[in-house]
Structure formats: structure tokens, C-alpha cells
């Protein structure tokens, strides 16, 4: 299959046996036999023992693939590591609807990260701040000497920003070192630079450096994704209106916004984990960005266009990398990046944001129509059937009967299991 012919658009993948799904991904992503075996393997204990301390074993998550994604005119299969039912299917369905109007389009800023250096005990904070800016070239030169390879590839320390903050312990200066980290997440490079600058800044300011560390509010590394969702495929313009009524609550109420944004992160975290990136850093940055104006609100926005179709947009900071970290150590993370066929961290960020928008659209659509439980019902019923002791074909029979009766409870599952056994 040539690269021109490949498409992520597929129907009924969930109906196929696992082996057929693996074969589909293998053909799409040009995987070899050894790589396909990784899907059914576990992280070896030796590798795990090098990744964290006090290792006892490994903890597996289901790894699935979302289909139908068209982002900036390119087809993607999106690997997702997640334990929550309905998420992968919902994302795939949302992408299918977005695909009708051209899929997702994205834009992003340069991969700029912020390193913070905290200066205390400065007698003249205004004068010291000016002195620091006067030595800006020297400071940036010292920072870039810490990572000449990054500079060689077009990255490195680019700028300084000075903030003077009041606090219970007095005024302090916080220097922001702005670093282009290229295709890395950037924590190690930025932290190393910040630590190297501490003695220089203390000398210039006659103060004392305390904290020197990267900020996870990466608001200079912003990604936007946009899609048009076809009104007819959604169920008609009245469904679009119902959707917008539901979305409006998330835009004005932090209690709803928290759950709304959690739906976005359902998709984002699953891909971040699958590629070996830091989902905790992404979560922290996203939620802080949602409150950037002093009020926690929705990360996404929606409106109706002149044709009556729904337009969705998502904007958030995404500090993701394709080099370094667990993504270059964990065999499944390496495999997932090959499935994605991404070339840069910015490309990955665009796919991540598009997945987040798709997930959010699917959740709000379900809430606006049938309710969120319907989507969860089938897999939840199967889980209960397994807990009741069902195996093989018995699982589907027990689950179907519970759904039919609208009684998805363990005691009823046990009764049905005993009846069919």
C-alpha cells in the first residue's frame, strides 16, 4: 500500500478480532513482525528498573487506536493508552464527523519553554532588574553554552523577561529564561541552563537565588486546533443548538468547566502516555491556562457558522517532545511514535490538540442528546459480566441482557450468568 493510498478512515474496526486490528495498523504504519509483537508484550523488568526507583513490576493500560483522523490534510492513526471505556470509540466517531468538512487544522507557536529563577534578598529590586537586562547578552551566552547541540539545531535561550513580585517575605525578582527546545519537551535543558545562571544573577543583583526550574505553564508554546462538524451528521441544526446550550455552561461556570476540560484531557492524556510524554505536566499547564484570566473556564470554544454547522476550536499549551525521556526508552512508546509517523514535536502537538478537541466534541454531543451513560453502557456491562464470572461468549450474553433490562448491577449479572451457564 503506497503512502498516497493510506487512509485512517475505517469502519467496524471494533468488530474485528485483535489480530486483524494489529494487521490493519501494521499495514498503515509499515511495521515489521518484531514491532507488531510489541503490542502483546510487557515492559521488561530490567528496563522498568532503570526508569524509576524501587521497582516491583509493571502496570499495564489498554492500548487502542483511534481512527478517521485527518489533521492538516494528513491521515493519522492515533494510539491511546487509557482504561476508560468509550473514549477511543468516541474520538474516532468525532473524527469521522469532522472529516466531512476537511478534518482538523492546527497552528502553533515556536516550542518556547520558560525557566524560572527566583531572586531573594535584593535591596533595590528595580535597579537590580535593570542591571540584569543590561547583562542580557552575557546571560543568554552563558545559558547557551550549556547545550551547544540544541543551539546547533536552531534552539537555545532566546530571551529574558523580568518580573517583580510582592510576597509575604518581601519583594522578589523572578527571571524568566525563554528557551526554544526544538523537538524536546525541554525540562532537562531548561533546568540545566537555569542552574548555570544562578551565580551570575546573584553577582549582578547582590541577591540570593532560591528556585531555578522550568515552569509547566508553557504559555509561550501554544497550539490551536479547529474543526467544522457537519450539522446533518450530528443529527440536525437543533442538535447543534442543543450542543451550544450545553457548551455555554462550561464557558461561565468553573464547576462544569472542570468536567468539560477533563473530557478534553481524556483524549490528550491517552496519547501523551502512549508516546512517553509527561501527562502530569500537560495537565498542570492546561488547567492553569484555563484560569489565566483569573476565572477557570473552558479550554475549547464553539459557535455556529452561516451554514448552521458547528465550529469547534481548542487552544492550550502543549509541551511535548519526540526525543528524550521515556519516549525513547519504553518499547511501546517508540512503537506508538512510529504509528503516528510524526516528524517534529510541533506536529505531535497538533495531533494531540486535535484529539483533545475530538474527545471534547464527542462528550458534549453525548451529553446534549442521549446522555453520557449510553456510550459507556456496553463496555461497563461487559466489565460487570466479567466480575460475575462470565467468560468468552457468556460475557456478551450477560451484558446484552442487563442492557435490555436496564439493570447493570453485579447481583443481576450473577443471576443471568447462572441462568445461561
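We did not get these values from a lab; they are worked out from the coordinates using the rules stated. Please read all numbers here as calculations on a predicted model, not as lab measurements. Note that each Cβ is placed from the backbone with ideal geometry, even for glycine, and that neighbours are counted across all protein chains shown.
For the chain, find the longest principal axis of its Cα atoms and tell me its angle to the long axis of helix 279-290, 0 to 90°, nearest 10.
Tilt relative to the chain: about 80 degrees.
Taking the 0 to 90 degree range and rounding to the nearest ten, how far is the long axis of helix 345-368 tilted relative to the main principal axis of the chain, both from C-alpha atoms?
On a 0 to 90 degree scale, this one is about 50.
Need the full-extension length gain, residue 14 to residue 138, defined as separation in residues times 0.36 nm minus the C-alpha distance. One decimal, nm.
Going from the current span to full extension adds 38.8 nm.
Looking only at 176, 287, 135, which one moves most when the chain is put into a Gaussian network model with springs between Cα atoms under 10 Å?
135
Starting from the Kirkwood Rh over alpha-carbon pairs, what translational D in µm² s⁻¹ does region 112-214 have by Stokes-Einstein at 20 °C and 1.002 mPa s?
159
Mean-square fluctuation check for the chain, GNM, Cα pairs under 10 Å: which of 354, 246, 11 is largest?
11
Which whole-angstrom value gives the distance between the alpha carbon centres of region 255-277 and region 283-315?
Measuring centre to centre over Cα atoms gives 14 Å.
Quick one, can you get me the convex hull of the C-alpha atoms of region 261-415 expressed as volume per residue in Å³?
181
Let me understand region 256-325 better: what is its radius of gyration from the alpha carbons, and its Dmax, in angstrom?
For region 256-325, the Cα-based Rg and Dmax read 14.0, 46 Å.
As a check on your grasp of the helix formula, calculate [θ] at 222 nm for the chain: sum -39500 (n - 2.57) over DSSP H runs of n ≥ 4, divide by the residue count, round to the nearest 500.
-15500 deg cm²/dmol
Within region 91-126, find all residues whose amide N lies under 20 Å from a label point positioned 7 Å from the Cα of residue 169 along Cα-to-beta-carbon.
From region 91-126, the list is 115-126.
Set the Förster distance to 35 Å, then compute FRET efficiency between residue 405 and residue 50 from the Cβ-Cβ distance, nearest 0.05.
0.10
Helix 393-405 versus the longest principal axis of the chain: what is the Cα-based angle in degrees, 0 to 90, to the nearest 10?
90
Treating only the Cα positions of the chain as identical point scatterers, give the base-10 log of I(q)/I(0) from the Debye formula at each q in 0.06 Å⁻¹.
-0.31
Full-extension gain between residue 7 and residue 121, please, as 0.36 nm times their residue separation minus the C-alpha to C-alpha distance.
Difference between extended and current length: 35.0 nm.
Quickly work out the residue 145-to-residue 100 label distance, labels modelled 7 Å from Cα along the C-beta direction, and quote it in nm with one decimal.
Placing both labels 7 Å beyond Cα along the Cβ direction yields 6.1 nm.
Hey, rough spin-label estimate for residue 295 and residue 42, points 7 angstrom out along Cα→Cβ, what's it come to in nanometres?
5.0
Using mean Cβ contacts within 10 Å as the protection proxy, how do 54-62, 83-91 order, highest first?
Ranking, from highest mean packing down: 83-91, 54-62.
Based on the Cα atoms of region 77-172, what semi-axes does the equivalent ellipsoid have, where each is the square root of 5 times one gyration tensor eigenvalue, given in whole Å with the largest first?
After scaling each eigenvalue by five and taking roots: 44, 21, 14 Å.
Please compute the Kirkwood hydrodynamic radius over region 374-420, one decimal place, Å, based on all pairs of different Cα atoms.
After inverting the mean inverse Cα-Cα distance, the result is 9.8 Å.
Over region 241-318, what relative contact order in percent results from Cα pairs under 8 Å that are six or more residues apart?
Worked out over region 241-318, it gives 30 percent.
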